[in-house]
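Just so you know, all these numbers are worked out from the coordinates, no wet-lab data involved. Just so it is clear, the model here is predicted, and its values are computed rather than measured. All Cβ positions, even for glycine, are placed from backbone atoms using ideal geometry, and neighbour counts span all protein chains on display.
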Amino acid sequence: MPNSRKLLLISCMISIILVSNILVQYPVMIWGLENLLTWAAFTYPVAFFITDITNRIYGVITARKIVFWGFFTAVILSFYFATPRIAIASGSAFLISQLMDIQIFTKLSNYQWWKAPLASSSLGSIIDTLLFFTIAFSLTFSFMGYEDSFATESIIILSGSLEVPRWLMWAFGDFAVKLLVAFILLLPFRLIYFTYQNKSKA
């Protein structure tokens, strides 16, 4: 794999993580979605896309290298651009979910082209969402500092029958958007992969 392409993939991964770590601190304050979404839901799924396309074209070893480079660099930068707790939550969730994504993708890589990226991104998103939002906002991890009063504030759902912390609804909303974006990203995945495949055969 040419160094220029590796640097491009690493740069893209770092940028996505860094931007997402900043955007996750900002709820979507339009259309009444502040209790359901943060802006990071729209950017973070691209990280799985980068991992999957790297795995498909360059193999599992290169995909792991991209993940580790992205992890170390982005987490360090996140301590500056975000809070330490967000950086730790992001780093932990990112590394575990991405390595799981790679493992699932590799096992399914011989099936129809869409199964591996869709299954790995979906399951990776579940792990990432659970780990990130729990570590970043749950009172269980309040000893890590940065207690976001807006995120931990209780809200009423289901016509007043249930009270939950706002961050839990963010987790559900973000996961739903991640799944939607995973479906949308199947189109560029197919385009890039089959273009590369055709060039390799030429």
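For the stretch 93-119 and the stretch 15-29, write down the distance between their C-alpha centroids in whole Å. Measuring centre to centre over Cα atoms gives 24 Å. Computed from Cα positions, the angle between helix 45-58 and the longest principal axis of the chain comes to roughly 20 degrees.
Between helix 166-184 and the chain there is an angle of about 20 degrees, using the helix long axis and the longest principal axis of the Cα atoms.
Compared with the direct C-alpha span, the chain from Ser4 to Lys115 gains 37.1 nm at full extension, assuming 0.36 nm per residue. Among the listed values [x] 1.06; [y] 1.16; [z] 0.95, the one computed from these coordinates for Cα Rg over 2.2 N^0.38 Å is [x]. Charge tally for Ser92 (other residues, Cβ to Cβ under 12 Å; Lys, Arg +1; Asp, Glu -1): 0.
Rounded to the nearest 500 deg cm²/dmol, what is the calculated helix-only ellipticity per residue at 222 nm for the chain, with -39500 (n - 2.57) per DSSP H run of length n ≥ 4? Calculated mean residue ellipticity at 222 nm is -24000 deg cm²/dmol.
Bridging of Lys115 to lysines at a Cα separation below 21 Å is possible for Lys107, Lys178, once same-chain residues fewer than 8 apart are set aside.
With a simple spin-label model that places each label point 7 Å from the Cα along the Cα-to-Cβ direction, the separation between Glu163 and Val60 comes to 4.9 nm.
For the chain, a crude dipole built from +1 on the beta carbon of Lys and Arg and -1 on the beta carbon of Asp and Glu, taken about the Cα centre, is about 1200 debye to the nearest 20.
Listed from fewest to most Cβ neighbours within 10 Å, the set Ser121, Ser78 follows the order Ser78, Ser121.
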